[in-house]
Structures are given as structure tokens and as C-alpha cells.
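The next block holds one structure in the form of C-alpha cells; read it before the comments.
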Amino acid sequence: MLTIDKYAYANRIVQWSPQLKALCWLIGMIIAFQPIMALKPVLLVAVAWNTVYLTHVSWHQYFKWFYALLPFLLLSIIGIVFTAGTDPQQIYAPLKLFGGYIGLSKVMLPRGIAVAVQAGTAIVCTYWFALTTPFQQIIGFLKWTHLPNILIEETMLMYRFIFIFIEAFEQIYQAQKLRFGYDNLHLMVHSSGILAKMLFEQVMVNYEQMVYALDAKLYQGEFYVKGPEP
Amino acid sequence: MIELQHLNFGYEPQRTILQDISLKLGQPGQNVIGLIGPNGSGKSTLFLNLVGILRPTSGNILVDDQPIDYRKKGLNALRKKIGIVFQNSDQQIFYSIVKDDIAFALHNLKLPQAEIDRRVDQVLTELDIQALANRPIQYLSGGQKKRVAIAGILVLRSEWLLLDEPTSGLDPDGRARMLALIKGLVARGQKIILSSHDMDFMYEIGDYFYLLNAGHIVKEGPKDQVFADAALLKRSQLEQPWLVQLSQRLGLPLYQNSEALFADQQLQQTLRAALAKGE
């Protein structure tokens, strides 16, 4: 189960209008991507503190949510700051290799840090919005912005079914783990393959049953999407 | 009235799932009709035939003396008349908020918003789930999800309600609530056909039963007749309800439900007297 979702329904500003929360998020994003560097870390810390205050989430849990994103962020930053060249003067801690030098680029390091702070600020702001805005408010807001219905429908169905998918994933994963399916690399690769196959098969079976249920509810090819509450 | 005439059905030509099924549903005094049978006996397949999702290989289904019209318009009319609630609640709840999902079928019918709101409120009250109206589906219990799935079909106000395994996966409290819910629906005139493996549940709620085994109707009749045949139930991999066992094995009167048994003062006095004598 996605515990992250629970906070959206029970936080100190759950009753705020989604438009106001979206505006706050937008201001946060503008600050994250504007050129004045000093503002960004201040905003990052302030928004992170504010999120923890509003949602009553523990710092430990809050940091754990970043684990999923950190590998992507780190890979990007490493790609930016690591360099290879012939001039050791341009590189921090140069390491001689095959007649050249590799290490941290003196030119690119500030750039890498700037990107990291920028991305960190944007992520913290997005978490703030996601953790304080219940899903029906997000749908109401998307409707308010007059996005195409098909896009809102897709968003709505993905949100509904992602929980079922995660639940199925967790059940299969736990069953495999209990039978030592992830004890070493070889088994892990094998079990992951089976997991993917089983999930795919379940999707196919569930799809058929979902079509039956849609028929029973007289589905006409369109999901009604509700506008914002008056 | 729903009538099945020599209905056969199979997904493949060589392998029939339902064989020569003939029955009349909705005769006087049959408000809750039970369909019992072991796994794979064809209960769910029969349900899917009844709502036109599957089409019989041969034979007819007559609804109010008219054969099912399998064109889109005819099927929509049929599904307004016969609502079906499937076993797995998660696969029939599409919206993330309870009241939005209950309103789904009504939006598909393009009813005016005021009428939709009225019907949704009515069903929420009827099933005693007003408190869940604005709750996200993923945080409901299995029993609550079942009630929401039933509410999503009840709003259609169909004459018939098919319930496929309504108690599967429910804890004792959920099962008791389901029993009360069905009794409430029957009291207000809803015709119900249900399938379940829970024989005690079926005995307590049903009026008339069809026992299905390997695609055939092997017995039909009022509950005291169908459940009296212990050998046939055993051959069909089913068990007798405990109230019937008490009657057949211990010679107690045959009670219609557990409340009737525990309310029998005379039985209590007799038992107390017999126990005292034994001491």
C-alpha cells in the first residue's frame, strides 16, 4: 500500500482549495528554476520543514521517500561533474589513467551542485503538493484547468489501479521472498522474471473481469469526471 | 420471470460448461434463489449468461417471456433489469472515491445530476455506508468494498440482483452484515439470485435452491428439500448446513435460522431437564 497517499487525506491544510495549493507549488517551482542561487536552499529547507509540520510525518519516513529518486538524481549529477581530460589543472583530485586524467571537473562541479539544489528544491515542493492534496482535489484542479477529459480519465484510472497493482506485486514478492527467491543474484534475476510474468498474466485476467464489470455498469466508452466541489 | 430453456454453454466446442439447463426463476414465493455447487460447476458462467455477457451455445434465455436481444440497446435494457455484483470487488470499483463510483452507472445512463445525487444518497442510507461516501476506496475493508460494489449496482434499481459469492473473504462481522443487508433488500421487495459455498449462509437466506454439478442441475427445490439430501451434497463436494445436521442427527426440529433455534424456550427447558436428569 502506498502510505504516501494517506497523508494527503489527513494533514493540516487538507481543506485549502487545490488552486491555492497548486499556486504555492508553482511559486516553489519558479523559485527552484530562477537564477538566484541563494533562494533555493532556503526554500528547500523551509518547504521540507513545512511538509513535516503539516503532515505529521516523521523525518525518517520523509527521507525514505527520497530513496526512490536519489539514484536517478545521483547518476545525473555524476554524469555532469565527472570528466576525463589531458589537463590535470582542470580536474579536482585527478587520477591518471591511460595517459589522461579523470576526476571532478572544476568547471562543471558548481554547475552540478546547482542542478542538484535545483532538482532537490523542485522535488521537495512537489512532495509538499502531493502530500497535502487529496486525489479528488487534484482531479478537480485538473478539470478546473480545462485539460482534456481523456487525460484526466487516464490519471484517475491509473491512480485507482496502481494500488491494486502494488498490492498484487507485494503479495507475489513476499511469497517469493518467504521461499528464499531473492537469496542471491542468480535467484533474484530468476524471481524477478517470474514476478513480471505473473503480474502480466494477472493484468490480462483482471482486464477481462474489468470489461465484464464495465458492461454490468452500462459503460458507454466515457468515464465521468467530476469538477471541483462548489 | 427469467426462464432458461435447454441452455448449453462452452468456451470451446468440445468442452461444455453448462449442459441442458432448464429453469424458471421468479416463481411466487421465490425471492432469494440460491445457486450452489462446487468450484468449477458453472455457477459464475451461468450468471454471465443471465446478464448477456456470455451467449449460450444453444438454448434460450427468456426474460419476461422475451428472448434476450444481444444488440447493444437490448443488452443495456437487460442490464437495467438484471444487475450483477461480481466476487472480486476491486475489479468492479473504478473510481477512487466511494460516492463517485456508486454514481458511475447512473452517469452512463446520462441521468440528470439531481436524480443521480438523490439515488446515491438513498443507496448510501439503505446500505448504512453514509460515513464512507467520501472515503478513498483503497482504505476500505473487504466487507466495505463489497457493500460499495453492491451499492454501485443497486442504484440502477434493477428488478433482479445477482450476487456471486457475496461472503467470500469476509470475516464473521462482514458476513453478518452481508446477511442483514440481503435480508433488508429482500424485505423491500428485491429479487435476488446468489451463489455461495457458504452453506450455512445460503440456508439462512435462500428460499429456493438449484444444485449445480459439472454443468448440470442435479437437484432443485425449497431449502428443506435440497439440504435434506446429505449424500447428494457430499457427492457434490458440499456440506449440510449445521441447522439441518442438528435436525437430522440429533432429532431436533428443523429451524429456519440460528435465531429461531436459540429463541426456542421449549427446547431450552427440555435440554436443561435432560442435563439435570443426567447428573
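The values are calculated or read from the model by the stated rules, or taken from the named source; none is laboratory data. Keep in mind it's a predicted model, so treat the numbers as computed, not measured. Positions of Cβ are backbone-derived with ideal geometry, glycine not excepted, and every protein chain shown enters the neighbour counts. Accessible surface is based on the protein model in full, side chains and every heavy atom, while ligands, DNA and RNA are left aside. Shrake-Rupley method; radii C 1.70, N 1.55, O 1.52, S 1.80 Å.
B:Asn134 meets all of the listed conditions (1) out of contact with any helix residue (DSSP H, G or I) (no Cβ under 6 Å at 6 or more places or on another chain); (2) within 12 Å of chain A (Cβ to nearest Cβ); (3) without any contact (Cβ under 8 Å) to a residue 24 or more places away in the chain but one, namely (3). The set of residues in the stretch B:14-53 that are open to solvent by 20 Å² or more (accessible area, probe 1.4 Å) and among the aliphatic types (A, V, I, L, M) comprises B:Ile17, B:Ile53. If I ask for residues that are in contact with a Lys or Arg (Cβ under 9 Å, 6 or more places away or on another chain) and within 16 Å of A:Leu214 (Cβ to Cβ), which ones from the stretch B:68-83 would you list? B:Arg79, B:Lys80, B:Gly83, listed by residue number. Mind checking which residues of the stretch B:57-100 are within 9 Å of chain A (Cβ to nearest Cβ), open to solvent by less than 10 Å² (accessible area, probe 1.4 Å) and in a helix (DSSP H, G or I)? Within the stretch B:57-100, B:Gln92 is the sole residue that qualifies. Enumerate the pairs (first residue in the stretch A:88-111 and closer than 15 Å to A:Ile78 by Cβ; second residue anywhere and of a type in the set (Ser, Thr, Tyr)) with beta-carbon separation below 6 Å, excluding pairs fewer than 6 apart on the same chain, so at least 6 apart or on different chains. So the pair list comes out as A:Ile91/A:Tyr101; A:Gly103/A:Tyr92; A:Leu104/A:Tyr92; A:Ser105/A:Thr83. Listed by position, the helices (runs of 4 or more DSSP H) contained in the stretch A:117-227 that have at least 2 residues being of a type in the set (D, E, K, R) and away from every other protein chain (no Cβ under 14 Å) are A:185-216.
Within the stretch A:29-49, work out how many residues are part of a helix (DSSP H, G or I) and either free of Cβ contacts under 8 Å to residues at least 40 places away in the same chain or within 19 Å of the chain's Cα centre (by Cα) (or both). Within the stretch A:29-49, residues that are part of a helix (DSSP H, G or I) and either free of Cβ contacts under 8 Å to residues at least 40 places away in the same chain or within 19 Å of the chain's Cα centre (by Cα) (or both) number 12.
Taking the stretch B:131-227 as the region of interest, the strands (runs of 3 or more DSSP E) fully inside it that hold 3 or more residues being among the aromatic types (Phe, Trp, Tyr) and within 13 Å of the chain's Cα centre (by Cα) are B:208-213. Is it true that some residue in the stretch B:269-277 is open to solvent by less than 40 Å² (accessible area, probe 1.4 Å), more than 14 Å from B:Met202 (Cα to Cα) and either outside any helix (DSSP H, G or I) or not assigned by TED's automatic domain parsing to the domain that holds B:Gln30 (or both)? Scanning the stretch B:269-277, I find no residue that is open to solvent by less than 40 Å² (accessible area, probe 1.4 Å), more than 14 Å from B:Met202 (Cα to Cα) and either outside any helix (DSSP H, G or I) or not assigned by TED's automatic domain parsing to the domain that holds B:Gln30 (or both), so the answer is no. Filtering the stretch A:2-46 to residues that are over 17 Å from A:Phe66 (Cα atoms), in contact with a helix residue (DSSP H, G or I) (Cβ under 9 Å, 6 or more places away or on another chain), within 14 Å of chain B (Cβ to nearest Cβ) and exposed (fewer than 12 other Cβ atoms within 10 Å of the Cβ) leaves only A:Ala10. The residue list A:Tyr62, A:Tyr67, A:Tyr127, A:Tyr101 contains one member that is open to solvent by 80 Å² or more (accessible area, probe 1.4 Å) and among the hydroxyl-bearing types (Ser, Thr, Tyr), which is A:Tyr67.
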